[in-house]
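Q: Supplied in structure tokens, the structure appears directly below.
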């Protein structure tokens with residue numbers, strides 16, 4: 001049995017009752033968080049672009065287009081870098097987009113939707129774990145980005161995994177769907193993208209196209225088309241194709257059902273790269289503890305790991321929508337000025353503000369103790385960092401090291417109340433209540449079409465006054 005056949009056999013046998021209660025609850029929180037990101041992103045530059053791309057695939061208000069709908073949902077879900085993260089990657093958008101797009105075409109219960117998203121997420125996490133870290137040690141033992149890396153393939157796997165489970169594909173057909181999808185996964189552009197300063201709108205991958213590759217695999221397999229079910233096996237298999245320097249292929253199928261990756265995900269209060277979060281938590285603590293006003297800040301210096309000190313992270317003049325998601329100076333300016341997490345954080349209007357530009361010029365980035373981690377790849381909440389704020393009153397500093405993990409709202413395990421609070425802060429009108437109520441009782445819904453229709457009507461709070469006419473799928 002090949003690796004993909006083993007995965008398909010196990011995934012096809014999953015029933016909702018096999019998911020621990022905590023996994024079901026986390027899947028619903030992830031779904032709600034993803035829908036908040038999808039709706040909020042309509043008010044961004046990427047929202048307009050994504051809608052126009054989807055329109056070319058047949059998406060339009062009041063009309064169903066499987067591929068257009070899937071593209072738009074997945075692209076919007078990742079557009080702001082506001083969604084959940086798991087082991088340094090984002091792939092929930094693939095599972096949610098594929099499941100909801102199929103649910104519009106095929107009658108789907110809430111229980112089936114929940115099971116399909118949980119399945120897709122777990123498969124994606126396993127592929128990500130098997131691919132391994134995209135860090136390598138340089139000559140001095142510091143953790144830096146590998147010469148070749150990418151995080152697109154897990155998004156594809158999330159989409160095909162969710163789609164295959166929702167369509168109840170038999171194991172042999174499911175393995176073919178996985179093989180089709182992964183054979184058409186985007187090339188790993190991460191290392192090349194990492195060198196850019198003015199980052200492109202699609203960032204490290206176009207998650208919309210990833211969702212299409214996943215759904216395409218489902219459609220092809222259902223139609224009887226064959227691919228390479230041994231794609232991930234052998235020395236010349238998929239992980240070699242990814243040039244993954246830390247691949248552990250055995251993780252793809254190991255310990256099935258003993259633990260669930262979705263239980264360890266990290267949610268975000270702010271639309272920015274997760275690598276910024278430890279230092280941002282330090283800044284948040286300093287601002288609150290010392291009641292520091294933005295007008296009294298003379299300079300801010302932060303230190304972080306070597307991988308997060310490149311030009312895109314230290315950029316004081318992030319010229320593009322995506323660049324602002326990866327700029328320490330921009331994120332720090334947003335926190336100091338009290339700009340809430342959402343579309344305004346990334347807008348051109350905010351970028352042009354004189355106070356924003358002035359604060360960004362006062363933020364500098366340096367490398368933390370290069371030997372603090374002793375060559376180890378650390379999880380997000382264990383990455384050392386420090387922040388020092390200089391004012392006329394004096395300098396104030398905060399540091400996290402290997403023994404002081406970040407403990408903040410965005411880092412601790414979220415509750416339903418946390419997820420619902422973020423959703424209400426981003427989604428306008430009665431649709432927010434409708435969607436929240438439906439997801440609370442998702443397992444009991446005979447059909448998810450009411451949820452989809454509410455999503456069609458939902459509008460971002462930031463754009464509520466603009467009377468946006470474009471509708472979600």
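Bear in mind that the values in this text are calculations on the coordinates, not laboratory data. Quantities reported herein were computed from a predicted structural model and do not represent experimental measurements. Methodologically, a virtual Cβ is constructed for each residue, glycine included, from the backbone with ideal geometry; neighbour enumeration extends over all protein chains shown.
Q: Using only alpha carbon pairs under 8 Å that are at least six residues apart, calculate the relative contact order of the chain and give it in whole percent. Write down the numbers at each step before the final one.
A: Details: 962 pairs, mean separation 103.9, N = 473.
Here the relative contact order equals 22 percent.
Q: Another one. Just to be sure I understand the model, the point goes 7 Å from the Cα along the line to the Cβ. What's the resulting residue 198 to residue 296 distance in nm?
A: Once both label points are built, they end up 3.9 nm from each other.
Q: Now for a different question. Could you put 134, 71 in order, starting from the residue whose Cβ has the fewest other Cβ atoms within 10 Å?
A: Details: 134 25, 71 29.
Result, fewest neighbours first: 134, 71.
Q: So how do 57-65, 98-106 stack up, highest first, on mean other-Cβ count within 10 Å? Mind dumping the intermediate values first?
A: Working: 57-65: 14.9, 98-106: 23.8.
The most tightly packed comes first, giving 98-106, 57-65.
Q: Rank by packing, highest mean first: peptides 76-85, 21-30, with packing defined as the count of other Cβ atoms within 10 Å averaged across residues. Show your work: numbers first, answer last.
A: On the way: 76-85: 27.3, 21-30: 19.6.
Answer by packing, highest mean first, reads 76-85, 21-30.
Q: Using Cα centres only, tell me the gap between segment 83-110 and segment 1-70 in whole Å.
A: 2 Å
Q: Beta carbons within 10 angstrom, averaged per residue: use that to sort the peptides 260-270, 162-172, highest first. Before the final figure, lay out each step's value.
A: Working: 260-270: 19.7, 162-172: 22.7.
The most tightly packed comes first, giving 162-172, 260-270.
Q: Note down the nm distance, to one decimal, between modelled labels 7 Å out along Cα→Cβ at residue 16 and at residue 369.
A: 5.1 nm
Q: What ratio of Cα Rg to 2.2 N^0.38 Å holds for segment 1-144? The partial results should precede the final answer.
A: Working: Rg = 17.2 Å, N = 144, 2.2 N^0.38 = 14.5 Å.
That works out to 1.18 for segment 1-144.
Q: Computed from the coordinates I sent, volume of the Cα convex hull per residue in Å³ equals one of (1) 185; (2) 133; (3) 238. Tell me the label.
A: Recomputing volume of the Cα convex hull per residue in Å³ here picks out (2).
Q: Nearest-5 percent of antiparallel DSSP beta bridges in segment 274-400?
A: Details: 13 of 18 bridges.
Among the beta bridges of segment 274-400, antiparallel pairing accounts for roughly 70 percent.
Q: Taking 0.36 nm per residue of separation and subtracting the Cα-Cα distance, what length does fully extending residue 61 through residue 354 add? Kindly include the intermediate steps, with their values, before the conclusion.
A: On the way: separation 293, 0.36 × 293 = 105.48 nm, distance 3.86 nm.
Result for the pair: 101.6 nm of gain on full extension.
Q: What FRET efficiency would be calculated for the residue pair residue 395, residue 170, taking the C-beta separation as r and a Förster radius of 60 Å, to the nearest 0.05?
A: Efficiency, rounded to the nearest 0.05: 0.40.
Q: Give the order of 426, 445 when sorted by the count of other beta carbons within 10 angstrom, beginning with the fewest.
A: The most exposed by this proxy come first: 445, 426.
Q: Right, here's the next one. Decide, for segment 3-264, between rounded, prolate and oblate: order the square roots of the alpha carbon gyration tensor eigenvalues as a ≥ b ≥ c, take rounded if a/c falls under 1.5, and otherwise choose prolate if a/b is larger than b/c, else oblate.
A: Working: a/c = 1.43, a/b = 1.08, b/c = 1.32.
Rounded, since a/c falls under 1.5.
Q: Got the relative contact order for segment 105-263 handy, in percent, Cα pairs under 8 Å and 6 or more residues apart? Intermediate results must be reported in sequence, preceding the final value.
A: Details: 255 pairs, mean separation 52.0, N = 159.
So the answer I get is 33 percent.
Q: Oh, and also: Just subtract the alpha-carbon distance of residue 288 and residue 246 from 0.36 nm times their residue separation and send over the number in nm, one decimal.
A: Working: separation 42, 0.36 × 42 = 15.12 nm, distance 4.02 nm.
So the chain would gain 11.1 nm between residue 288 and residue 246.
Q: For the chain, what is the calculated [θ] at 222 nm in deg cm²/dmol (nearest 500), taking -39500 (n - 2.57) for each run of four or more DSSP H residues and dividing by its residue count? Don't skip to the answer; put the middle values down first.
A: Details: 19 runs with 214 residues, N = 473.
Taking each H run of at least 4 residues, the total per residue is -14000 deg cm²/dmol.
Q: Can you give the % of DSSP beta bridges in the chain that are antiparallel, to the nearest 5? Working shown, then result.
A: Values: 21 of 26 bridges.
So the antiparallel bridges amount to about 80 percent of the total.
Q: Compute the length gained on full extension between residue 449 and residue 317: take 0.36 nm times their separation in residues and subtract their Cα-Cα distance, giving the result in nm to one decimal.
A: 43.1 nm
Q: Viscosity 1.002 mPa s, temperature 20 °C: give me the Stokes-Einstein translational D for segment 274-400 in µm²/s, with Rh taken as the Kirkwood radius over C-alpha pairs.
A: On the way: Rh = 14.7 Å.
D = 146 µm²/s.
Q: On a C-alpha basis, how far is the centre of segment 288-362 from the centre of segment 177-192 in Å? Whole number, if you could?
A: With segment 288-362 and segment 177-192 each reduced to a Cα centre, they are spaced 33 Å.
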